[in-house]
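Have a look at the structure below before the remarks.
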Amino acid sequence: MSEEKHIDTVNIDLGERSYPIYIGSGLLQSTDQNSASRLIEHLPGQQVLIVTNETVEPLYLQQISSQLGNRIVETVVLPDGEQHKNMEVLQQVFDSLLGAGFGRDCTVLALGGGVIGDMAGFAAASYQRGVEFLQLPTTLLAQVDSSVGGKTGVNHPMGKNMIGAFHQPAAVFIDIDMLSSLPDNELSAGLAEVIKYGFIRDADFFTWLEQNIEALRSRDPDALVTAIRRSCEIKAEMVAADETEQGVRALLNLGHTFGHAIESAQGYGNWLHGEAVSAGICMALDLSRRHDWLDDADVERGRLLLQRAGLPTAPPADMDEATFLKFMQRDKKVKQGQLRLILLKQIGNAFVSDDFDHGLLSATLNAF
Ligand SMILES: NC(=O)c1ccc[n+]([C@@H]2O[C@H](COP(=O)([O-])OP(=O)(O)OC[C@H]3O[C@@H](n4cnc5c(N)ncnc54)[C@H](O)[C@@H]3O)[C@@H](O)[C@H]2O)c1
């Protein structure tokens, strides 16, 4: 008999598109009959396409496909990396769906990190105008952020995530055991998004992170579950309040306008997304301090926690103000040509600013 495992559930409340996020250890192990049936429970049709990549496939594909009972299962294995998150590679997913003759009642199952989740989700959003979608995130970043909330898409050479759609999954399965194979720098990249939640919404969680950052870096299971659950709760609250990012959801982009500029300018895949977000958060902290919204002590607390998480606290040295501004103007938060940034009043209290001082922004861009 399989041992009963404790599974946490966080719900995303979106009316008839509501869905559960299951979080636990051993959640997706084939010996656990409960979770196997839970996966099947969220598969309405017979046809399943698993989208994964060449790194994750040898690690977890067999484990997942063995739990799909007598479903008709096809797999598409994409090349690994942010540089492959584009329309050309996405075509392979459509080729697989059409080649298998899958209909509108099929389910696309994303097995991988944020790149796979975003691409599989966009394929599910657009194949035959939308099919069912499940997320099985395998990186910390995907577990705390990208698998939740329904943002899907691919990059364009001129800007990150510029082609995409909102398409909510039917469920998210977060098995922390999958993090055991994750390289250290990828774990740190995920911690950038975890720390982000503390900055924008929850000062107590930020303090908890200061006390538990070493436990998280050494992959202590209890610490991981606590951090993932709290991150998903905060994301769930913001997504439920503002599904398509007309307001409060934009706060989740703390550090991302600077970060996307770093990723785009450096070439996709050269800086990890979470690393770029970490440097971007430090720039947002600096700009907030220059406006006297944040004090020096909080800036230093923020910088130190990101550093202890193994993350960069400054952008690459070769990025000048003009390069930043060129890429920042392409940000999706730009409204009527007006750049909007997420800045901080305190740790735990972020806001969207469109009336920041451009002279101070220039000072921040030149200070690093
Ligand atoms: N949709 C959203 O709301 C949202 C939010 C944040 C980030 N994102 C996107 O997510 C992407 C970044 O996601 P990511 O950091 O997961 O990157 P990723 O998907 O590239 O994964 C990172 C690396 O880890 C490998 N990997 C994945 N799982 C593994 C495992 N269990 N063991 C060993 N290796 C594993 C991958 O193959 C890859 O090499 C970016 O494209 C970003 O734009 C989307």
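The values are calculated or read from the model by the stated rules, or taken from the named source; none is laboratory data. These figures come from a predicted structure and were not determined experimentally. Positions of Cβ are generated from backbone atoms using ideal geometry, with glycine treated the same way; all protein chains shown enter the neighbour counts.
Summary of computed values
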quantity	calculated
Selection from region 44-83 of residues that are assigned to a loop (DSSP other than H, G, I, E, B), farther than 14 Å from Leu134 by Cβ and either among the polar types (S, T, N, Q) or more than 10 Å from the ligand (Cβ to nearest atom) (or both)	Gln46, Thr55, Ser66, Gly69, Asn70
Count of region 86-118 residues which are of a type in the set (D, E, K, R) and either away from the ligand (no atom under 16 Å from the Cβ) or touching a Leu at 6+ places or on another chain (Cβ under 9 Å) (or both)	3
Qualifying residue in region 92-111 (condition: more than 16 Å from the chain's Cα centre (by Cα), basic (Lys, Arg) and assigned to a helix (DSSP H, G or I))	no
Filter result (of a type in the set (A, V, I, L, M), outside any helix (DSSP H, G or I) and farther than 18 Å from Ser353 by Cα) within region 236-280	Leu272
Region 173-195, subset more than 10 Å from the ligand (Cβ to nearest atom) and closer than 19 Å to Leu252 by Cα, residue surrounded by the most Cβ atoms within 10 Å (Cβ to Cβ)	Ile195
For Glu233: the one exception among (1) within 17 Å of Ala142 (Cα to Cα); (2) buried (at least 23 other Cβ atoms within 10 Å of the Cβ)	(2)
Residue in region 97-113 that is in contact with a strand residue (DSSP E or B) (Cβ under 6 Å, 6 or more places away or on another chain), of a type in the set (Lys, Arg) and outside the structural domain of Glu263 (by TED's automatic domain parsing) present	no
Tally of residues being acidic (Asp, Glu) and either surrounded by 23 or more Cβ atoms within 10 Å (Cβ to Cβ) or near the ligand (Cβ under 10 Å from one of its atoms) (or both) across region 122-168	1
Scope region 350-365; condition over 21 Å from the mean Cα position of the chain (by Cα) and either farther than 22 Å from Arg301 by Cα or assigned to a strand (DSSP E or B) (or both); matching residues	Ser353, Asp354, Asp355, Phe356, Asp357, His358, Gly359, Ser362
Any hit, region 27-49, residues being at pLDDT 95 or above and within 26 Å of the chain's Cα centre (by Cα)	yes
Total residues in region 278-322, condition in contact with a Phe, Trp or Tyr (Cβ under 9 Å, 6 or more places away or on another chain), farther than 24 Å from Pro183 by Cα and free of Cβ contacts under 8 Å to residues at least 40 places away in the same chain	1
From the options Leu78, Leu68, Leu61, Leu98, residue that is of a type outside the set (Phe, Trp, Tyr) and buried (at least 19 other Cβ atoms within 10 Å of the Cβ)	Leu78
Residue satisfying condition, being part of a helix (DSSP H, G or I), over 21 Å from the mean Cα position of the chain (by Cα) and assigned by TED's automatic domain parsing to the domain that holds Ile200, within set Asp298, Asp318	Asp298
